[in-house]
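Each remark here refers to the structure printed beneath this line.
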Amino acid sequence: MRYADIIVDISHEKLDMPFQYRIPEELTDKVLIGSQVIAPFGKGNRQITGYVIGISDTPKIDESMIKDLTGLKEGSVLVESKLIELAWFIREKYGATMNQSLKTVIPVKRKIKGKEKKYISLKMSNEEAANKAVAYDSKKTTHLRAELIRHLMSFGTIEVEVVVNMFGISMGIIKGMEKAGDIEIHHEKVYRNPVANLKEDGNKVELNSKQKQVVSEIIKDMKSGIHKPHLIYGITGSGKTEVYMEVIDSVLKSDKEVIVLIPEIALTYQTITRFYKRYGNIVSIINSKMTDGEKYDQFERAKNGEVKIMIGPRSALFTPFRNLGLIVIDEEHDIAYKSDKIPKYHAREVAKKRASQYGADVILGSATPSIETFYKAMQGEYIIHKLDIRAGSASLAKVQVVDLKEELAKGNRSMFSYKLQEMIKDRLEKKQQIMLFINRRGYSSFVSCRKCGKAIRCPHCDVTLTYHKDKNRDKLICHYCGYSIDVPKICPECGSKYIGRFGTGTEKVEEAVQKMFPEARILRMDYDTTRQKDGYKKILEEFSEHKADILVGTQMIVKGHDFHNVSLVGILAADLSFFDTDYLSDEKTFQLLTQAAGRAGRGDIAGDVIIQTYNPEEVSIKNAVNQDYDEFYKQEISYRSIMGYPPVCSLMAILITSKEENEADAMTKDIAGRIENSHVEGLRILGPSKASISKINDVYRNIIYLKHKDEAVMIRVKNAIEKYLEMTDKYKNSSIQFDNDPISSY
């Protein structure tokens, strides 16, 4: 008799443990590790689904208490044992339930009916077919059958769609001829291919000496069995992608597969185009904008060896390759690699774990590495490679800072400094392109009453509503829960009619630049303009083909894009990320400004960058102007060493949430007290306190932060809290979340 350990498909902490079931004899050869099964659960006839995470020949409890599995879940996707191991790693490190972790590593949860093409061929010899055609010709009602036979005699096999649409022969006639034994219909499975429209040219770019050196060093280590992660630290435009490709060539020659991670869907179009041109149909993509059928087919293509290189954001990491050889994480510094949903895993750490399962390698690349990654490189955990010259003939853009306080003193109340206005006009006259970056979507940031000073807030969340200008109406929208209202005519607090808009967003920038330069062709790229499936692609294609002069957008326009005709980048409000309430605010500011500056002058045309700020003396701005990462790192790591922030120290956020404020407060106080009473040496407790956004969608939020030099100590504390909550029923209406090394404040 065989037994299966099942994680039930219910995301609840109290059920986050394996339950043992007996495998019926008729299912012995069908139930495998990773199978999704149906099983009886609890009292009565309740049936639940679950994942098999282990199989054994020995019962772990009294045989009489073990129930039989009901069967396999129809249409489920088999999860590989390595992905189950990866799910356990995520669950342990990031504090989710095992079920939540399994659902993370299985981006496609069910089988999707595949597409197929149908073909017709003759089921008789040509001599028999010729006689049959003559017989069919003798009758008026069967002359189309004769016509189809002659077509098949000429072409051999013909697609059903061609027969119906081009020859005008109905499916009824085709079915009748199949029944009569004249023809046979063949079915061929066709995979959905989201990049089938791209073309391969096989061209390679000649590498410069620096690039060749980095490629040689990485391949040498790979062949020597040295599997430390590699950090390619190169200035913007230094040709990191070409280095990735040369290393990938070596991996493919070993008959191994490659995952290439990019931080945002916005980068998919440009990245996949470059890879497809070189590698053709062995390249594919996976991202959240694709249909379930497209996602399922890409993973099927990966399983059967048709796809060797998978490109995409975080979910591409879980491509079910059999012989993984390399994971590339481009723009590794980007915060998009940290999941904002449970489990709050970081793709970089999970990638290292996944690579270790296969003896594969990891390459991280960035012009502005995360402080954590650079720290590990300095400590010898990663192997660092520097690219300090731009590829080709391009040189770094010239960066200038404009002090907006001085602009105001000169009487300029426009969002564009005099210098930026002058340079936009110059570039438009020269038929060169411009990018204008502001890290805030919408028309303006918030609406408030000029009389009583009250901002209009979301009734369900502890945030102000953001103003959006619509064609038909002006709206206020909550970016957390989606609550929306028309802009009020009078203040809901005091009844005043003096309602004002404050701040600037992408919509307002677009409107202002169009008014100032009416002849300019303008595109806007932000969350609102890219909601449709091909929104990113259409905007980037138009700009790439110079169908627009100016691209206005949020940070999605400054990440890794390569437009050779862009000679001016304007950064309209460099100070916005200073107001983040977390320890990463300076790092985020430096990275955004440096990355934005890197979009200019990537071709033969020299580039200029204008940074507009009220704080020109800030360290992150001064270092971004000089594009001096090394100096920024020295100052930032010194600050974090003094303050005890990652990567010098581990940080864990514990978020307690409940629709009942009193219960949230009681649970928070209880958890904080138990941690304090555990007297863990070196453990610092910050809080408890209300989260900075204390309510979202009518759910109250409290926060506790923990600091310790050893991450393993933090995980033991997390496990102890989880165990305590499994044993108590006091907090039925509350939830707890753990965030290991959070990248934003709560």
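Amide H to amide H, with H built 1.01 Å from N, D361 comes under 5 Å of L326, I327, counting only residues 5 or more places away or on other chains. In the complete set of protein chains, residue-level accessible area for L404 is approximately 30 Å², probe 1.4 angstrom. Taking the Cα centre of the range 601-746 as origin and assigning +1 to Lys and Arg Cβ atoms and -1 to Asp and Glu Cβ atoms, the resulting dipole is close to 500 debye. Largest accessible area first, the residues T589, T273 order themselves as T273, T589 under a 1.4 Å probe with ligands, DNA and RNA left out. Which of the three applies to the range 34-78, rounded, prolate or oblate, going by the alpha-carbon gyration tensor with a ≥ b ≥ c and a/c under 1.5 meaning rounded? Judged from the Cα gyration tensor, the range 34-78 comes out oblate (a/c at least 1.5, b/c at or above a/b).
Between the alpha-carbon centres of the range 482-496 and the range 339-415 there is a gap of 41 Å.
From the Cα gyration tensor of the range 273-334, with a ≥ b ≥ c the square roots of its eigenvalues, which class applies: rounded if a/c is under 1.5, or else prolate if a/b is larger than b/c, or else oblate? Rounded. For the chain, the per residue solvent-accessible surface stands at 46 Å², with DNA, RNA and ligands left out and a 1.4 Å probe.
Of all DSSP-defined beta bridges confined to the chain, some 55% are antiparallel rather than parallel. Each Cα pair under 8 Å and six or more residues apart adds its sequence gap; the mean of these over the residue count of the chain is a relative contact order of 11 percent.
Would you compute, from DSSP H runs of 4+ residues alone, the mean residue ellipticity of the chain at 222 nm, taking -39500 (n - 2.57) per run and dividing by the full residue count, rounded to the nearest 500?
-10000 deg cm²/dmol
Counting GluC sites (Glu not before Pro) as exposed when in a DSSP loop with at most 11 other beta carbons within 10 Å, what is the longest stretch of the chain free of them? Answer from the scan: 207-518. For the residues H385, H679, H187, a 1.4 Å probe over the protein chains yields an accessible-area ranking, largest first, of H679, H187, H385.
Decide, for the range 477-523, between rounded, prolate and oblate: order the square roots of the alpha carbon gyration tensor eigenvalues as a ≥ b ≥ c, take rounded if a/c falls under 1.5, and otherwise choose prolate if a/b is larger than b/c, else oblate. Let's see the in-between values first.
On the way: a/c = 3.68, a/b = 1.83, b/c = 2.01.
Oblate is the answer for the range 477-523, as a/c is 1.5 or above yet b/c matches or exceeds a/b.
Shown for the chain: the carbon plus sulfur share of the solvent-accessible area, taken with all protein chains present and a 1.4 angstrom probe, equals 49%. The range 116-158 and the range 681-721 have Cα centres spaced 75 Å apart. Where [x] 34.5; [y] 42.9; [z] 31.9 are the candidate values, the label of the one calculated here for mean projected area of the Cα convex hull in nm² is [y].
Per-residue accessible area (protein heavy atoms, 1.4 Å probe) orders R348, R413 as R413, R348, starting from the largest.
Taking every protein chain into account, the 1.4 Å probe leaves C649 with about 20 Å² of accessible area, to the nearest ten. Charged side chains reduced to their Cβ positions (Lys and Arg at +1, Asp and Glu at -1) give the chain a dipole of some 1340 debye around its Cα centre.
The values are calculated or read from the model by the stated rules, or taken from the named source; none is laboratory data. This one's a predicted model, so the numbers in the text were calculated from it and none came from an experiment. We place every Cβ from the backbone using ideal geometry, glycine too, and count neighbours over all the protein chains shown. Only protein heavy atoms, including side chains, enter the accessible area calculation; ligands, DNA and RNA are left aside. Shrake-Rupley method; radii C 1.70, N 1.55, O 1.52, S 1.80 Å.
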